[in-house]
Structure formats: structure tokens, C-alpha cells
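Heads up, the thing below is written out as C-alpha cells.
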Amino acid sequence: MSISLHLLTFFLFSVASFLSCFSADRQYEECRLPLRCGYGSSVFRNNITYPFWGDEIGKPKFCGRKGFRLACKDDQNLSIEIKNLTFRIVSANLDDKIITVADESWFEGRCPKMLDFKGDDQFSLSPNTETIDLFDCSSGDSAQALSTITCRESNTGLSTYHFFGSSNYYAHNCRNVGEIPMLASAKNALLQYSVSNLTLALKEGFELRYTIDDRFCESCFSSKGICGSESESGDFRCLCSDGPHDRSCNDDKGGIDWKLKIVISVVAVTVGLAIASIGWFVYHRRKTKSYRTSSTLLPRNKSSEPSSKSSDVEKAEDMLVGVRLFSYEELEEATSNFDPSKELGDGGFGTVYYGKLKDGRSVAVKRLYDNNIKRAEQFRNEVEILTGLRHPNLVSLFGCSSKQSRELLLVYEYVANGTLADHLHGPQANPSLLPWSTRLKIAVETASALKYLHASKIIHRDVKSNNILLDQNFNVKVADFGLSRLFPMDKTHVSTAPQGTPGYVDPDYHLCYQLSKKSDVYSFAVVLMELISSLPAVDITRTRQEINLSNMAVVKIQSHKLHEMVDPSLGFDTDTRVKETVIAVAELAFQCLQSDKDLRPCMSHVMETLTKIENNGFGSNMDGDSNGDKSGPLVVQSPNSVMVKWDSK
């Protein structure tokens, strides 16, 4: 390092140290920062401020009030302890002093403690919250129960509780175990639909209204202050840039002359910038002169190419504007030297590892393979596409490795609940955790992400259940944009060699080498059939005609045998509402699986249709086609409406 650079560094640190003497009050600065709790889907959390606080979420005690301490659970969810019980924060409305909470026991499969909020000085049930009675019918008659829930007791193993909708069931020898608070809307749904899921209703939580003496908070806020408290006594304090005040920042507190302070700060900044500019100019001029000299001395040999590895990194970093750069050492430490036990998955371009940054954030680090000649192209693709996208159902890119890194590394938000493939037919497969309503929600959110990509002129090109990540609440995050293509606005397709995963590749794309948005539609239809059947897209143990799930689906639907491939755990044969919506989704998938891409609907239409199915609880002929027998099952109509074109292929 040159002397000029040393001088520059010295002066910059000197100026920074000098200015720190005149920085704003520490308490004021700390309480201004947003709270820290991972990168889950809780969009409300940055709005949670006074009276809530929590040391582990970056909000010291003086930022809030006693009794409102929050904690960060699993690096993803905020929780609060009330009456020695832990509740998950679902949402917050600080203007109306209302928070929506859910008993953490429900998310862990445990039975909750019955809780009475009557007489509580700080928290009370809001008007939007009602209670339901739960009954233990182990020795009684539970035939009239509207819904049940099975949970784990601390000592006695599993218990099953029943909800009847009325408390007049003592004659049936059912024991009333207590009241559970619930949103009034969720209770009404349970009373109206006997097939509604009690567990999901309870996980929606209930509203609590909190009471706090904050009569001075409004005047504090209007004076550019932040509401807080005195750590020891708990009394209200208005935190201001010049220190705490009793009521507002306009209180006459005396102390340092702020005019003098501002003058000194401006002078210090001006001097520091001038010195830094001079130092940088000298350093840059020397470096430029040295480079020109060395370039004239080197022979101009066209075969003297840089190494493949360094060339890859330099090419890949040509467009990394606005992206945070991580050093290789930082990511190596975060992943425990890329410990094999931290592997999250393995793909065609690289391996993904779980990592934890120094600031506490959990991340997924993709390490691109050294021996893959397209790794720089894939690296550029993901960075270029993801830095320009913002959608709640697309995985976020945090950054990537720097030019000095020995490898190409991409850093994403960590989505903790695995992939859709894991839950359908992988190591985490558990039918009770993935009912049809949840699967339909996953389909809608995935379609929403793909519709957004297509509107942004991007084709994903590798839509599959392994690239659909799920968080703890089964919210979707579509990932892996290594094969994605930016689509020209004036083109209907682009010609390129087929790439993708067997079982999901569009046959029209494979045959004609023409990639279009309809290629994603085909791949998504395969995912829809996975959601219906819980079967993998490709299975060589199946019969020849059914190795590909897409072929199996088309044959079953055309022969009116859809029921043979529906996952039995969904209740297709016992639940009319499930049967109707499954048939409607299968009909939509059939249209999307047409070998001729022009016969497939666009992703916008697919999204609207799925949303309609989810909202209405049943489907209809999606194109409004009058062909086919309207009185027959919905699944019978699709083959009749499109079979001629399909068979002509």
C-alpha cells in the first residue's frame, strides 16, 4: 500500500473519530434503527416501535416500556411474553394500540394453557376477539363436534380437544377444559364451515388491546423526538438528538451550544473531505502511471489470456452496481468453511450452504462449481435479474463475492422450511402439514411470482418444486434464476438450446428450440399436478407411460381417471369442496400441459383462475367454453374442449 493511501486512511479515521465526538445522542441513534429479527415475511416488523423493545432485536430497554419486551424466535418471528406464556406477534397496529398474537404452543404442536385476560392492567381482548370452549371427550360423545385439534401435553402425551360451537354438551360426558381466544372472523368461519381447520384458525391468533400512559408521546414525536423511557424508573423520556428530555425536544434543557457544535462539525467535515480528496488524487495518479508503464513493457500476445477462473470473476462483476460484496473469508466463516453438514441442496451449477453472518442474519450461500464453464454466465444472470426484482414470493439476493474472492459465491435470504419437493415427496413429507388449502395457497403464490417475472420480461426457465422454497408458514419463495432469460419486448420467443430439468421441460421448446413464456406455464402445470398427486415429476419405477408425471396426468384426465392419481390424504373422495377445487385445478393444469404452446393460457390468466378457485372454493370452465357437457364433472370438460388439437399433434 502506498504512502498516500496510508495518509488517506489515517485522515479518514481521524475525521470519523473527531466527528463522533459531536454525533447525536447514543440512545436517540439506537432507537432510530429498525429492529433486527432475520428476514422472514413479516412485513409489519419495521413499523414496530415504542412501547415495544428487546435487547436481542436491537432495541434496548430505554426504547420502550416495561412489560412490552419482544424476542426474536428462530431468527424469523417476533414473540412477546405475557403472563409467563410466549405469544407470536402476527401483526401490529400501533395507532390503535392493538397487536395480533398467537399462542406459540400451536406452532410447536403443544397444547396451550388456558389464559384469562380479565383484570389485566396492560393487555385486554379487543372487540374483534371472541372465545371458544374446548372439550375433552375421551369418555363422551364427540359426534357433533365441528372441528378437533390434537396436541402434545407436557406429561400425558397427545390429547384431542373438540369444538362444538355451543357449550351445552355436558350431557354427553365431555369435559370443558377451558376457553381459547380467537378472532371473531375465524370463529364465524368455524361455525359456518364444519370442515374448517381449527389449527389454522387458532394460528391466525387474536387481537389484544394494550394500555399505556403515553400522553407526552405525541408532543415528543412532533418535536422530531423518539418516545422512550428511563431505564431504571421506567418513567417516560423523549429521546432527542441532543439527549433525553422530559416531554419533548423543545424543552429548555441547556447544555452545549448547538450553533458552535454545528460550526465545528461543518469545518471538520470540510477539512476531512479536502484532505481525503488530495490523498485519493495522488494515489490514483500513481496507480494510473504505474499501470501505463507496465502495459507498454508487456508484449502484446493474443494468446496471453488471463486464467479462466479470474476471467470468470472479472466478467461476472462487470455489472455488480448496487450489490453488496462479501469477501470469501467472510462467507467461509459464515458457513464453517463450507461444512458438508450445512449443505441445503445441490444443483446443476453449485451447492447451497446454510450460513450465519456476523450481524446474526441467517443466509443461504450458493457456491458455484469450479469445473462448470457457464458458471460466470449463471452468476451474472442471477445477480442481474434479482437486483432488479421486488416481489414477496421471490427469494431476495443479499449480495455476492467480491472481485478478490477465489470463488463465485451468491448470498440469498435463508428460507427455513425446505422446498415444496421436500414436503410433497421428500424427507419432510407429512400429509397433515400440507392440506389441500395450503397447497392451493402455494399454487397461487407461485403463479403470482411467475406472473410478475413475465410482466418484467423475464422467463424463469427452470420452474420446478425443488426451486419453490417455503418458510415456516408455508409462504412461497421462488428461487434459482441461473437459467433465466431476459425476454425481448418485441419477440414472441427466442431461439436457444433447451435447458431445464427432465420432467418439467416444455415439449414445444424441446422440439423447436423456441423458448417462450408459455414454457414456464408448462413447467408450472407439472408443479400443479405434483400438488394434486404428491408424486415426483419423474419416477423411473413407474410404468413406461407414467414415468413423466405430465404424461400420466394427460392420460388420466382424458380417460376420466383423475381420482386414481390424487393424493388420498387430501380427502378427494370425502370432501365435496376439496373434490371440486382439485378438479378445477386439474382442468387448468390440463390446459397448460398442451404440447402446442399456442393452446396454453398465459401466466396472468393462470394466476387469475387459481385465485378465483381459491376464493370461491370451486371452479368452472376456465375459458368460458360452451363445448362439453356442463352437467358433468369439471374434469370431463377439458379433454372435450381441447382434445382435437392435442391428438392432432
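The values are calculated or read from the model by the stated rules, or taken from the named source; none is laboratory data. The structure presented is a predicted model; accordingly, all values stated were derived computationally and were not measured. Counting neighbours? That spans all protein chains shown, and the Cβs are built from the backbone with ideal geometry, glycine included.
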Has region 592-610 got at least one residue that is more than 27 Å from residue 508 (Cβ to Cβ), in the same structural domain as residue 450 (by TED's automatic domain parsing), free of Cβ contacts under 8 Å to residues at least 24 places away in the same chain and surrounded by fewer than 19 Cβ atoms within 10 Å (Cβ to Cβ)? no
So if I check each of 648, 638, which one is at pLDDT below 95, small (Gly, Ala, Ser) and crowded, with 22+ Cβ neighbours inside 10 Å? 638
Mind telling me which of the residues 480, 422, 462, 471 ends up being among the acidic types (Asp, Glu) and modelled with pLDDT under 85? 480
So, in region 380-403, how many residues would count as being out of contact with any helix residue (DSSP H, G or I) (no Cβ under 7 Å at 6 or more places or on another chain), crowded, with 20+ Cβ neighbours inside 10 Å and part of a loop (DSSP other than H, G, I, E, B)? 1
Can you run down the residue pairs with Cβ atoms below 9 Å, 6 or more apart or on separate chains, where the first is in region 52-81 and in a helix (DSSP H, G or I) and the partner is among the polar types (S, T, N, Q)? 61/229; 61/231; 62/27; 62/229; 62/231; 63/27; 63/49; 63/229
Per the filter on region 82-103, residues over 21 Å from residue 130 (Cβ atoms) and more than 25 Å from the chain's Cα centre (by Cα) are 84, 95
Looking at the structure I just gave you, is residue 614 in the same structural domain as residue 528 (by TED's automatic domain parsing), at pLDDT 95 or above and in a helix (DSSP H, G or I)? no
Can you pull out every residue in region 269-287 that is of a type in the set (Gly, Ala, Ser) and at pLDDT 80 or above? 272, 274, 276, 277
Positions within region 126-141 being surrounded by fewer than 18 Cβ atoms within 10 Å (Cβ to Cβ) and either of a type in the set (A, V, I, L, M, F, W, C) or assigned to a loop (DSSP other than H, G, I, E, B) (or both), in sequence order: 127, 128, 138, 139, 140, 141
Which members of region 211-246 meet the condition of being touching a residue at least 12 places away in the same chain (Cβ under 8 Å), hydrophobic (A, V, I, L, M, F, W, C) and either loosely packed, with under 15 Cβ neighbours inside 10 Å or out of contact with any His (no Cβ under 6 Å at 6 or more places or on another chain) (or both)? 212, 216, 217, 220, 226, 227, 236, 239, 240
Does residue 225 satisfy the condition of being out of contact with any Phe, Trp or Tyr (no Cβ under 6 Å at 6 or more places or on another chain), closer than 24 Å to residue 432 by Cβ, at pLDDT 80 or above and among the small types (Gly, Ala, Ser)? no
Just to be sure before I move on: is residue 421 out of contact with any Leu (no Cβ under 8 Å at 6 or more places or on another chain), crowded, with 21+ Cβ neighbours inside 10 Å and assigned to a helix (DSSP H, G or I) in the structure I sent? yes
Can you confirm whether region 295-316 contains a residue that is in contact with a helix residue (DSSP H, G or I) (Cβ under 8 Å, 6 or more places away or on another chain), outside any loop (DSSP other than H, G, I, E, B) and either of a type in the set (D, E, K, R) or modelled with pLDDT of 80 or more (or both)? yes
Read through the list (1) within 19 Å of residue 465 (Cα to Cα); (2) surrounded by fewer than 19 Cβ atoms within 10 Å (Cβ to Cβ), then give the number of the only condition that residue 571 fails. (1)
The number of residues in region 547-589 that are under 10 Å from residue 532 (Cβ atoms) and in a loop (DSSP other than H, G, I, E, B) is 4
Could you tell me whether any residue of region 518-533 is assigned to a loop (DSSP other than H, G, I, E, B) and either crowded, with 19+ Cβ neighbours inside 10 Å or at pLDDT 90 or above (or both)? no
Any chance region 435-453 includes a residue that's modelled with pLDDT under 90 and at negative phi? no
